[in-house]
Amino acid sequence: MRDIVPVVPREGIPADQAFVYHSWLKGSRESWPEMRSEDYYALQHHRIERLLALGQLSILHPVGAPDVIAAWALLEPGPAVVHYVHVRGEYRRLGFASRLLAGRTITTHLTEAGCRLKRKLGLRYMPHLLDGMAG
């Protein structure tokens, strides 16, 4: 698929983290409907903080605009695991999530949109990896 908006990759930097926290916390909230909001936000924020410290944040941004995040993914070092991927609304359906996840085979988080991406890419959903357990 050709990009309508040409984007280039870069590694995440500390200045990106506010957007990562906001989009991840908001985007995955519906995956935990029975949790109290105060519990969800506190615990999920802590999880994101831990994963950001250990993972690799990959960003796609429009050419010439490195501060504009079109899409991002938090990847486990190594070739297999993605923890979360987010594409801003105006950049969706352009193949950016697939581009960020190329070669990945496992995901630890799923949203409704993530379920469609999981099927499309043939990802295995393994949330227990977050507990240090592998299947």
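What translational D, rounded to a whole number of µm²/s, comes out for the stretch 1-81 from Stokes-Einstein when the hydrodynamic radius is the Kirkwood one over Cα pairs, at 10 °C and 1.306 mPa s?
113
Angle check, please: helix 37-54 long axis (alpha carbons) against the longest principal axis of the chain (alpha carbons), in degrees 0 to 90, nearest 10.
The angle comes out at about 60 degrees.
Convert each backbone phi in the stretch 86-91 into a coupling constant with the Karplus relation 6.51 cos²θ - 1.76 cosθ + 1.60 (shift: θ = phi - 60°), then list the ³J(HN,Hα) values in order as whole Hz, x for Gly and Pro.
9, 10, 4, x, 6, 10
Apply the Karplus parameterisation 6.51 cos²θ - 1.76 cosθ + 1.60, with θ equal to phi minus 60°, to every residue of the stretch 119-124 and state each ³J(HN,Hα) to the nearest whole Hz, in sequence, with x for glycine and proline.
Ordered by residue, 3J(HN,Hα) equals 5, 4, 8, x, 6, 8 Hz.
Starting from the Kirkwood Rh over alpha-carbon pairs, what translational D in µm² s⁻¹ does the chain have by Stokes-Einstein at 4 °C and 1.567 mPa s?
For the chosen part, D equals 85 µm²/s.
Compute the long axis of helix 17-28 from its Cα atoms, compare it with the longest principal axis of the Cα atoms of the chain, and write down the angle in degrees, 0 to 90, nearest 10.
60
Coordinate-derived values only; no laboratory data. For clarity, every value in this text was computed on a predicted model and none was experimentally measured.
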